[in-house]
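S.K.: Sharing a structure below in structure tokens format, with a few things to ask.
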Amino acid sequence: MKMITTTDELARACALLEQSDYITIDTEFLRETTFWPKLCVIQMASPDDAVIVDALADGLDLTPFFDLMRNEAVTKVFHAARQDIEIIYHLGGFVPSPVFDSQVAAMVCGFGDSVSYDQLVQKVTGTSIDKSSRFTDWSRRPLTEKQLAYALADVTHLRNVYRYLIKRLDEQGRAHWVEDEMKTLTSEETYRSDPAKAWQRLKLRIKKPRDLAILKELAAWREAEAQGRDIPRSRVLKDDAIYEISVQHPTTAAALGQLRTIPKGFERSRHADGILQAVKRAMDVPEDDLPSLPKGRPAPDGSGAAVDLLKVLLKMTSENSGVAPKIIATVEDLEKIAADDEAEVAALKGWRRELFGEPALRLKRGEVALAFNGRQVTLCEQGEPVERIVTSRKSSNRRTRPPRTKQTDTKANSDA
């Protein structure tokens, strides 16, 4: 199995691939010692062809690959696409389109939350993927035939998965649900790494506005340093150090060196000055201009009982529809719905509102009720007999659950 190593070979391969309506794509990369992912290998397949590209080959120009990613006539099929798209955005400066993420589609089609690629392949095709090359150092050359076969399997089996999911989505009338999910995945805002927003990655252990101002400045400084030096954030400054500095307010190198989370001698390094300057900028902010501490999640009136009821409804809806609860609504969504009928949450928009949001609001208003009949929970109109509702739901559920082969059902049961 030969890898593409020249620009001419890549151009010919991309010209062949772009003749198809869709291609499957995966990348292999390293990120342990860098901020930006280091692209090592690209795998692509059309219904009839499959190629592997050595992204580290000397003199290789990835322009033909980027042109293919921009081609609006070709659907790009990924599994768990975010990191692959991040690489393309970083190296090419754009987000590929149109995109289909098989992991998202699988959540809509009844395969549970965040199903892995090998699990999905096994359940759809009955094929078990050899995982022994999963932890390969993809930057080392030469790659073995076994490693190349493993890499190629990431796109060849994906063709069958894609065709299966497209068929199921069409049968269930849910193709537009997945299209809605792709809007966030293909937004450039998803992949912009703005230092000013880096503080949002941190779990806030801050209780004072001044401390928060320092934390924001430190997080922005660290993000810019990590990007500029292309090293992981933790190699610039660990999270624990940011928290301690934010609370202790050191303004001199000596004070910085006294902190428990600062390595010995770090206060004498050139990076210490950047930290102290960040602290000074935050200390100079007038009291009236200090940032407000983020408010906690809004609690529903009364108690958490309303949220608990909505959780039951969510689980019931997921089981009846075959859609993973994670993609329907989050716990935060439920808390906001419990507190406000007009909450600005995804669960009250689009297909989610029809599937779950509207029943949730009706449950909250007392127009419907959750009933327990035997082992099944169902949603009943007030005053309607439970038995009739259960019979109706069972009949409806048989039509909405995605059909699977006997072999697939066996695999799924063994996984459970």
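S.K.: Averaging sequence separations of C-alpha pairs under 8 Å and six or more residues apart, then dividing by the length of region 32-167, give the relative contact order as a whole percent.
M.R.: Relative contact order, region 32-167: 26 percent.
S.K.: Same structure again: Please list log₁₀ I(q)/I(0) at q = 0.07, 0.08, 0.09 Å⁻¹ for the chain, using the Debye equation with identical point scatterers on the alpha-carbon positions.
M.R.: Those come out to -0.48, -0.62, -0.76, one per q.
S.K.: Continuing with the same structure: Counting other C-beta atoms within 10 Å, which of I231, I242 has the fewest, and how do the rest follow?
M.R.: Result, fewest neighbours first: I231, I242.
S.K.: Net charge near L10, counting Lys/Arg +1 and Asp/Glu -1 over other residues with Cβ under 11 Å of its Cβ?
M.R.: Once positives and negatives cancel, what remains is -4.
S.K.: Within region 209-223, which residues have the backbone N less than 19 Å from the label spot 7 Å out from S234 along Cα→beta-carbon, could you tell me?
M.R.: Backbone N within reach: 219-220, 222-223.
S.K.: Mind listing which trypsin sites (Lys or Arg not before Pro) in region 29-93 are in a DSSP loop and have 13 or fewer other Cβ atoms within 10 Å?
M.R.: Filter output for region 29-93: R31.
S.K.: Also, I was wondering about something else. Quick check on the exposure proxy: order H79, H271 from fewest to most C-beta atoms within 10 angstrom.
M.R.: H271, H79
S.K.: If we count GluC sites (Glu not before Pro) as exposed when they sit in a DSSP loop and have at most 12 other beta carbons within 10 Å, what is the longest stretch of the chain that avoids them all?
M.R.: With GluC sites (Glu not before Pro) excluded where exposed in loops, the chain gives 73-341 as its longest stretch.
S.K.: So if I take the centroid of the Cα atoms in region 11-62 and the same for region 69-100, what is the distance between those two points in Å?
M.R.: Computed from Cα coordinates, the inter-centre distance equals 11 Å.
S.K.: Right, here's the next one. Which trypsin sites (Lys or Arg not before Pro) does region 122-188 hold that lie in a coil by DSSP with at most 12 other beta carbons within 10 Å?
M.R.: K131, R134, R140
S.K.: On to the next question. Helix-only estimate, please: 222 nm mean residue ellipticity of the chain, summing -39500 (n - 2.57) across DSSP H runs of length 4 or more and dividing by its residues, to the nearest 500.
M.R.: Calculated from helices alone, the mean residue ellipticity at 222 nm is -15000 deg cm²/dmol.
S.K.: Within the set K76/K336; K131/K315; K216/K315; K183/K336; K167/K349; K167/K315, which residue pairs have Cα atoms separated by over 30 Å?
M.R.: Beyond 30 Å: K76/K336; K131/K315; K216/K315.
Values quoted throughout were computed directly from the atomic coordinates according to the rules given, and no laboratory measurement underlies them. In this text, all values refer to a predicted model and were calculated from it rather than measured experimentally. Backbone-built Cβ (ideal geometry, glycine too); neighbour counts: all protein chains shown.
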